[in-house]
Amino acid sequence: MSDHIRSKIGLRPVINVSGTMTSLGASIVVPEAIAAMAAILPQFVEINDLQRKASAVIARLTGSEAGFVTASCSSGISLAVAGTITGNNLLAIEKLPDVTPDKNEVIVQMGHVVSYGAPVDQAIRLAGGKVVLIGQATSTHRFHMENAISEKTAAAVYVISHHVVDYGLLHLTEFVEIAHSKGVPVIVDAASEYDLNLFLARGADIVLYSGHKFLGGPTSGIVAGKKELVRNAFLQNMGIGRGMKVGKESIYGTMAALEAWEKRDHAGIRKRETGYLNLWKRTLDGRPGVTALIEPDPTNNPLDRMRVIISAPEAHITAWDLAAALARGNPPVIVRDHEVEHHYFYLDPCNLHPGQETIVATRLAEELDNARASNEIIATPIENRSRHRFDGMLNWPD
């Protein structure tokens, strides 16, 4: 495998064991999508007609009545919410977000207000939605939602993510039941989810997927659901959606990625990834202060990840310093470190080119050996992560 393009433009040849993260380029785009994008790029098309073709593919794959492609799943949240607020009123669409109809409140559980790089509630506010938070961070009950819905409620948003609180909240079926009993449509953010049928089957009215995560398509979002609601979301391309527009190559590339998904050897991929996890476990087992656990995905996607738990007194390094060392090294290995203050990080096997799994194993062993050779425990204050988290962005492009 050649790293020619990255070295040519001066980028680090990172190895991604963090997951389908936008900040790392999301995923390895499948060959079918690459070919489709290359084929359509030189050609003129009527975009709305191309979106009609995409709608048919999306409907077939998701079991929806209609669908379209947008710039991202975050865009999908804004467009879907805006559609429930304006309906097909073209003047209302033009006036968003400063001037909104009276019916513009959007129900969200407090434990679902997470950041995927930007806050979920901001995507709603961009559409002119007034966010109505229900419950507390770790508990939402029926009475919270039942009493929050009024004649001003336009929609209810439900987030499926490893970031959300995964206990004490309303389950999707109950959330849908309560919303529908009062005539409120449910929008599900399922950006990183594997099952394209599950959430509509459980009663959601619109489901939003990323086209560039598990699907392996170009950067894009997929809006799928009931035809009228999807149409009203699509109409937002004449308003707030203009800045979220998607090109012909992304529409057609997403269509190709969806069709490739139908033919993908999912079992073969899982088998290969399990081999990577077993290799890493063999590499880490028996090392002082290191515990390697293979764990299922928290949102029930059909895949496993490795939790690497670090005891600094024995390993001579903290989990966050080990993650930083892996990211600084040659080649850089980027782990999933969202919960590293709890003394562990994850290794995700889903985004590797063949042979990179052995490089990851080698880098793990190198950094752990270096730490053990240290006379002192490598332990920078965890507070430094917070203090310096945004330095790179604040100093960009320097």
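The values are calculated or read from the model by the stated rules, or taken from the named source; none is laboratory data. Quick caveat, the model's predicted, so the values are computed rather than measured. Here the Cβ is made from the backbone with ideal geometry for all residues, glycine too, and neighbour counts use every protein chain on show. All accessible areas refer to the heavy atoms of the entire protein, side chains included, with ligands and DNA or RNA removed. Shrake-Rupley method; radii C 1.70, N 1.55, O 1.52, S 1.80 Å.
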Handout entry: Wholly within the stretch 1-87, helices (runs of 4 or more DSSP H) carrying at least 1 residues that are touching an Asp or Glu at 6+ places or on another chain (Cβ under 8 Å)
Key = 31-40, 47-62, 73-86
Handout entry: Single residue of the stretch 1-21 satisfying the filter (over 14 Å from residue 323 (Cβ atoms) and β-branched (Val, Ile, Thr)) that is modelled with the highest pLDDT
Key = 9
Problem - Among (1) open to solvent by less than 60 Å² (accessible area, probe 1.4 Å); (2) in contact (Cβ under 8 Å) with a residue 40 or more places away in the chain, the one test that residue 25 misses - result: (2)
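Here is a yes/no grid of residues against (1) free of Cβ contacts under 8 Å to residues at least 24 places away in the same chain; (2) within 14 Å of residue 18 (Cβ to Cβ); (3) not aromatic (Phe, Trp, Tyr):
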position: 306; (1), (2), (3): no, yes, yes
position: 314; (1), (2), (3): no, no, yes
position: 353; (1), (2), (3): no, no, yes
position: 382; (1), (2), (3): no, no, yes
position: 393; (1), (2), (3): yes, no, yes
Completion exercise
Residue hits (the stretch 270-294; open to solvent by less than 50 Å² (accessible area, probe 1.4 Å) and without any contact (Cβ under 8 Å) to a residue 24 or more places away in the chain) are 292
Problem - Residues that are in contact with a Leu (Cβ under 9 Å, 6 or more places away or on another chain) and either within 21 Å of residue 236 (Cα to Cα) or among the aromatic types (Phe, Trp, Tyr) (or both), drawn from the stretch 127-154 - result: 127, 128
Practice task
Find all pairs meeting these conditions: Cβ atoms under 9 angstrom apart; at least six residues apart or on different chains; first residue within the stretch 88-101 and free of Cβ contacts under 8 Å to residues at least 12 places away in the same chain; second residue loosely packed, with under 15 Cβ neighbours inside 10 Å.
Solution key: 92/99
Handout entry: Within the stretch 135-174, considering residues that are part of a strand (DSSP E or B) and within 23 Å of the chain's Cα centre (by Cα), the one farthest from residue 301 (Cα to Cα)
Key = 155
